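The values are calculated or read from the model by the stated rules, or taken from the named source; none is laboratory data. What you see is a predicted model; the values in this text were computed from it and never measured. Using ideal geometry, Cβ is built from the backbone for each residue, glycine included, and neighbour counts are taken over all protein chains shown. These area figures cover heavy atoms from the full protein model, side chains too; ligands, DNA and RNA do not enter into them. Shrake-Rupley method; radii C 1.70, N 1.55, O 1.52, S 1.80 Å.
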Amino acid sequence: NVDKLKELATIYHYIKEDEKAIEIYKKLVKLQPEDSELLAFLGYLYYEMDFIDDSIECLNESLDIDSEAAFVFFLLGNAYARAGMIREAVDAYDFAIFLDLDMYKAHLDFAKKYEEMGREKRALKEYIAAYEIDSRDVKIKEKIEMLKIK
């Protein structure tokens with residue numbers, strides 16, 4: 001059952017068992033190779049595990065299927081940036097913005113999700129990225145300071 005496998009993989013990811021989530025998503029992609037969302041989430045999981053080359057490959061395959069997935073362009077930009085491929089990162093972010101992705105909100109959403117999962121270091125990075133986009137929100141600055149103390 002594909003839905004149950006997705007749910008199980010999500011649970012593994014939530015409890016920081018990304019290796020197990022990746023194995024499940026690899027099976028799901030084999031079952032449904034044309035599902036761009038499966039490929040995108042697998043790419044995201046690889047990104048979380050710092051398997052950047054695998055992440056970039058999956059995210060690009062996802063975009064080959066659905067070239068209007070703004071959030072996947074955002075994830076691809078993050079992966080390229082982590083790989084030091086700045087020009088490619090900028091291009092991916094430009095596509096995300098062109099497709100009306102709110103980069104500020106995307107960073108905040110990631111930060112909140114990481115915080116819920118107990119991944120404070122990742123949350124801090126995302127809050128900082130959001131703050132660099134728009135430094136007017138005092139609550140974000142306070143959140144950054146609080147997480148730095150933790």
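Work out, step by step, the length gained on full extension between Asp91 and Asn60: first 0.36 nm times the residue separation, then minus their alpha carbon distance; give nm to one decimal.
My answer for the length gained is 9.9 nm.
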Practice task
Report, to the nearest 10°, how far helix 70-82 tilts away from the longest principal axis of the Cα atoms in the chain, using its own Cα long axis and a range of 0 to 90°.
Solution key: 70
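Do any chymotrypsin sites (Phe, Trp or Tyr not before Pro) in the stretch 72-142 lie in a DSSP loop with no more than 14 other beta carbon atoms within 10 Å, and if so, which?
Values: sites: Phe73, Phe74, Tyr80, Tyr93, Phe95, Phe98, Tyr104, Phe110, Tyr114, Tyr127, Tyr131; in loops: none.
For chymotrypsin sites (Phe, Trp or Tyr not before Pro) across the stretch 72-142 that sit outside H, G, I, E and B with at most 14 neighbouring Cβ atoms in 10 Å, the list is empty.
On the accessible surface of the chain, probed at 1.4 Å, how many percent belong to carbon and sulfur atoms?
Numbers: 4800 of 8880 Å².
Carbon and sulfur atoms account for 54 percent of the accessible area of the chain.
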Handout entry: Size of charge dipole - the chain - debye, nearest 20, with Cβ of Lys, Arg +1 and Asp, Glu -1, no other charges
Key = 800
Problem - Globularity index of the stretch 109-150, i.e. its alpha-carbon radius of gyration over 2.2 N^0.38 Å - result: 1.02
Exercise for the section: Before anything else, pin down the relative contact order of the chain: Cα pairs under 8 Å, at least 6 apart, normalised by residue count, whole percent. Expected result: 13
Problem - Descending principal axes extents, the chain, alpha-carbon based, whole Å - result: 46, 33, 25
Problem - Helix 120-133 axis, angle to the chain major axis (alpha carbon atoms, nearest 10°) - result: 70
Practice task
Over every pair of different alpha-carbon atoms in the stretch 1-48, take the mean of 1/r and invert it; report that Kirkwood radius in Å.
Solution key: 10.3
Practice task
For helix 138-149, report the angle its Cα long axis makes with the longest principal axis of the Cα atoms of the chain; keep it between 0 and 90° and round to the nearest 10°.
Solution key: 80
